[in-house]
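Q: There's a structure below that I have some questions on.
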Amino acid sequence: MSESSLLFESIVRGVAAGLYLATAIVIARSLRTPSRISGSLSYISKTAHVIAQFPPAMAPLGLWYLVVDLPSVVGASLTWIFVTEFFQESRKFDWRKIIPLAVVLINAVVAKFSPPDIARPLWLFHNFITVGLMFHVLVIVVRSWSSDLVERRRLIVTPLYIFASLYSIGVAFVQTMELFTFAPRQPSLFAAFTLLGSSLLGIIVFGQAGPELFGQAKSAHPNSQSRNEPVAPLTSAEKSLAAQLDRLMRVERLYRTPNLRISFLAQQLRVPEHRLRHLLNQGLGYRNFNAFVGQWRIEEARDALADPEQAPVPISTIAIDSGFQSLAPFNRAFKRETGLTPTEFRAKALGALAGKPDDA
């Protein structure tokens, strides 16, 4: 590659690195939530990746190259952590998510200071982990497509991370080929422009990383009457639609429908799907349709578990009657919303009732 081409690529990569770094700063400038922290670290790793994939920039660094290379190596793990936090909106960070990051980092450090015969299978293992994590990212973002109520995330961020996952899988494939062909890494204008496009999308998407993207998921309310309270002023048409929605869920218990989809609910309400999405998100404050339905189901299960007359009813029966497909997802959802397992909740609720003195 000519000197002019190398200079041009270095400029392109410099702009891409700057945009990635700017995105990391924008994401981290507000509340320090797990999704913002992991998102910022993810974009710092992307900054490092732009530089690490350009041999002329790495050659003069000596051992200092590790300062750039190691953040690049763990990029897929950080992206995976960010996506699981950002799309699934966990209320509490699961520290087990650090395990893949730690494994990748330790594996990379050992590989970098090992002879080629040992390093090669270690890097192959690294690439397998990268591909596995990126496939899981694809599964998460694709599954979230229909239930996501945050339109900006659904229509813009989801395609961005589909592209990012496919890019990472492609890089892992190329690096695997290099392991078997012993070919040295070469500068690539195509890769540079790909990264520039990705960095532009990143700063456009997260340039105003406000509550719309990083808002907190709505919690289940102990009082079912308040579940559909609006979080923003509603028009008369929206109030009418909200009342119809409440009737379908509270009276007809449509949430019990297996695999209930927002398109089916919109048909029952005789409104376009986008109107229902807007009401649920902008009017009622929900960010995920499955979470909205799940909270109705959890509320019915809470009432049943606290009812002394239903004490002999198995928890699995209550779960199925509430609309859950099986016991395992019910247990996870119930613990996430209440902080207790169904068994613990029932024992506590019935114990409190048993301790009350009888009415005179």
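Q: Which residue out of Pro100, Pro121 is assigned to a helix (DSSP H, G or I) and closer than 22 Å to Arg36 by Cα?
A: After ruling out the rest, the residue left standing is Pro100.
Q: Turning to a different aspect of this structure: Counting only residues that are over 17 Å from Asp148 (Cβ atoms) and among the charged types (D, E, K, R), which one in region 251-279 is nearest to the chain's Cα centre (by Cα)?
A: Step by step, filter region 251-279, then rank; the result is Arg256.
Q: Filter region 307-322 down to the residues that are part of a helix (DSSP H, G or I) and crowded, with 22+ Cβ neighbours inside 10 Å and list them by number.
A: Within region 307-322, Ile318, Ala319 qualify.
Q: Go through region 328-349 and give me each residue that's in contact (Cβ under 8 Å) with a residue 40 or more places away in the chain and either among the charged types (D, E, K, R) or part of a loop (DSSP other than H, G, I, E, B) (or both).
A: Arg336, Glu337, Arg346 - these are the residues of region 328-349 that are in contact (Cβ under 8 Å) with a residue 40 or more places away in the chain and either among the charged types (D, E, K, R) or part of a loop (DSSP other than H, G, I, E, B) (or both).
Q: State whether the residues of region 140-147 include one that is of a type in the set (Gly, Ala, Ser) and within 23 Å of Leu66 (Cα to Cα).
A: Scanning region 140-147, I find no residue that is of a type in the set (Gly, Ala, Ser) and within 23 Å of Leu66 (Cα to Cα), so the answer is no.
Q: Before we move on, is Glu309 closer than 29 Å to Glu85 by Cα and assigned by TED's automatic domain parsing to the domain that holds Leu254?
A: no
Q: Sticking with this one: Checking Gln325 against (1) surrounded by fewer than 19 Cβ atoms within 10 Å (Cβ to Cβ); (2) without any contact (Cβ under 8 Å) to a residue 40 or more places away in the chain: exactly one of these is not met. Which one?
A: Condition not satisfied by Gln325: (2).
Q: While we're here: So which residues in region 220-243 are closer than 17 Å to Val271 by Cβ, modelled with pLDDT of 70 or more and not β-branched (Val, Ile, Thr), if there are any at all?
A: Once the filter is applied, which keeps residues that are closer than 17 Å to Val271 by Cβ, modelled with pLDDT of 70 or more and not β-branched (Val, Ile, Thr), region 220-243 yields Pro230, Leu234, Ser236, Ala237, Glu238, Lys239, Ser240, Leu241, Ala242, Ala243.
Q: On the given criteria, is Leu155 without any contact (Cβ under 8 Å) to a residue 24 or more places away in the chain and closer than 19 Å to Gly202 by Cβ?
A: In short, yes.
Q: Could you check region 21-65 and list, in sequence order, the residues that are under 17 Å from Glu9 (Cα atoms) and crowded, with 23+ Cβ neighbours inside 10 Å?
A: Passing the criteria: Lys46, Thr47, His49, Val50, Phe54.
Q: Something else now. When region 84-97 is examined, which residues are found to be part of a helix (DSSP H, G or I) and either without any contact (Cβ under 8 Å) to a residue 12 or more places away in the chain or under 20 Å from Val50 (Cα atoms) (or both)?
A: Result: Trp95, Arg96.
Q: While we're looking at this one, here's another question. Restricting to region 182-219, give me the number of residues that are modelled with pLDDT under 80, part of a loop (DSSP other than H, G, I, E, B) and within 30 Å of Leu284 (Cα to Cα).
A: 8
Q: Just to be sure, is Ile99 surrounded by fewer than 20 Cβ atoms within 10 Å (Cβ to Cβ) and under 18 Å from the mean Cα position of the chain (by Cα)?
A: Here the answer is yes, as Ile99 does meet what is asked.
Q: Also: Looking only at residues that are surrounded by fewer than 23 Cβ atoms within 10 Å (Cβ to Cβ) and among the polar types (S, T, N, Q) in region 145-165, which one is nearest to the chain's Cα centre (by Cα)?
A: Among them, the one singled out is Thr158.
Q: Which pairs turn up if I take residues in region 241-269 that are over 17 Å from Tyr286 (Cα atoms) and in contact (Cβ under 8 Å) with a residue 12 or more places away in the chain and look for partners that are aliphatic (A, V, I, L, M) and not in a helix (DSSP H, G or I) with beta carbon separation below 8 Å, at least 6 apart in sequence or on another chain?
A: Filtered contacts from region 241-269: Leu254/Leu260.
The values are calculated or read from the model by the stated rules, or taken from the named source; none is laboratory data. The shown structure was predicted, so the numbers you read here are calculated from the model rather than taken from an experiment. Reconstructed Cβ throughout: ideal geometry from the backbone, glycine too, with neighbour counts over all protein chains shown.
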